[in-house]
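Asks: Questions regarding the structure given below will be posed in turn.
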């Protein structure tokens, strides 16, 4: 692979692909370091271009050990790209049984990252295992800020809530037209993610607010300690005000 983006980033190999872009391992030849480059597909709609710009802007503004920052944002032959640190261990492997002591580490690291985001007035709105990466220092970091939203906003677009992001990880209030969305939606997504890592299955599969509410009443997690099960239950309470804050989870 000889492609060189803007005379700086030499593409090495593809390491991931999503609906709107491809992620490459690349070498930043200005300092000989490995980076990850997300190249957006040429066919992305206009709203995705704005998402890409927002993702870069948010990533550039955040400084926390459990947040994956953005380094650069530019065009190459008409395609947008974002440059981020390369996490050689990638995202969490859901196919591998994770011991509970490491699950607690994941919870603490991601809760620390969410605490920082929420204190900055930002909702992530797409917390899921594929957006949790392990960096070279052994820290779990939150990635992908394309859906992030100002936490001061009272209403989140119903259509966007349904059609963008991981539906299986979305809180019940995001299925309710004109419902207030706040930082506790991220806590729900964290709870669903941890449940999936514990059991190997998703607790819910979408279907709307009432179906979620019915499932919640029947949900039990008997594959982990009582303490961890209690935290999961608290995070996926159908009532946002009953969920713990990120700060409470860290504590």
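Asks: It is to be established whether one or more residues within segment 65-74 are over 26 Å from residue 138 (Cβ atoms) and in contact with a strand residue (DSSP E or B) (Cβ under 9 Å, 6 or more places away or on another chain).
Replies: The answer is yes, given that some residue of segment 65-74 is over 26 Å from residue 138 (Cβ atoms) and in contact with a strand residue (DSSP E or B) (Cβ under 9 Å, 6 or more places away or on another chain).
Asks: Mind checking whether some residue in segment 203-216 is touching a helix residue (DSSP H, G or I) at 6+ places or on another chain (Cβ under 6 Å), surrounded by fewer than 16 Cβ atoms within 10 Å (Cβ to Cβ) and either at positive phi or at pLDDT 85 or above (or both)?
Replies: Within segment 203-216, one or more residues are touching a helix residue (DSSP H, G or I) at 6+ places or on another chain (Cβ under 6 Å), surrounded by fewer than 16 Cβ atoms within 10 Å (Cβ to Cβ) and either at positive phi or at pLDDT 85 or above (or both).
Asks: Same structure again: From the list 144, 74, which residue is farther than 28 Å from residue 224 by Cα, touching a residue at least 60 places away in the same chain (Cβ under 8 Å) and in a loop (DSSP other than H, G, I, E, B)?
Replies: Exactly one residue qualifies, and that residue is 144.
Asks: To continue, here is another question. State yes or no: is residue 228 crowded, with 18+ Cβ neighbours inside 10 Å, modelled with pLDDT under 65 and not in a loop (DSSP other than H, G, I, E, B)?
Replies: It is false that residue 228 is crowded, with 18+ Cβ neighbours inside 10 Å, modelled with pLDDT under 65 and not in a loop (DSSP other than H, G, I, E, B).
Let's see how each residue does on (1) outside any strand (DSSP E or B); (2) in contact (Cβ under 8 Å) with a residue 40 or more places away in the chain; (3) within 14 Å of residue 90 (Cβ to Cβ); (4) not assigned by TED's automatic domain parsing to the domain that holds residue 131:
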{"position": "10", "(1), (2), (3), (4)": "no, no, no, yes"}
{"position": "23", "(1), (2), (3), (4)": "no, no, yes, yes"}
{"position": "27", "(1), (2), (3), (4)": "no, no, no, yes"}
{"position": "30", "(1), (2), (3), (4)": "yes, no, no, yes"}
{"position": "35", "(1), (2), (3), (4)": "no, yes, no, yes"}
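Asks: Can you tell me how many residues within segment 91-106 are assigned to a helix (DSSP H, G or I) and either under 15 Å from residue 135 (Cα atoms) or touching a strand residue (DSSP E or B) at 6+ places or on another chain (Cβ under 6 Å) (or both)?
Replies: Summing the residues that are assigned to a helix (DSSP H, G or I) and either under 15 Å from residue 135 (Cα atoms) or touching a strand residue (DSSP E or B) at 6+ places or on another chain (Cβ under 6 Å) (or both) in segment 91-106 gives 3.
Asks: Further question: Within segment 91-105, how many residues turn out to be under 30 Å from residue 32 (Cα atoms) and surrounded by 15 or more Cβ atoms within 10 Å (Cβ to Cβ)?
Replies: 2
Asks: Given (1) at pLDDT below 90; (2) outside the structural domain of residue 203 (by TED's automatic domain parsing); (3) closer than 22 Å to residue 15 by Cβ, identify the lone condition not met by residue 144.
Replies: (2)
Asks: Spot the failing condition for residue 183; the list is (1) crowded, with 16+ Cβ neighbours inside 10 Å; (2) modelled with pLDDT under 90, and only one is missed.
Replies: With (1) crowded, with 16+ Cβ neighbours inside 10 Å; (2) modelled with pLDDT under 90 applied to residue 183, the lone miss is (2).
The values are calculated or read from the model by the stated rules, or taken from the named source; none is laboratory data. Keep in mind that what you see is a predicted model, and the values were worked out from it rather than measured. Every residue, glycine as well, gets a Cβ built from its backbone with ideal geometry; the counts of neighbours run over all protein chains shown.
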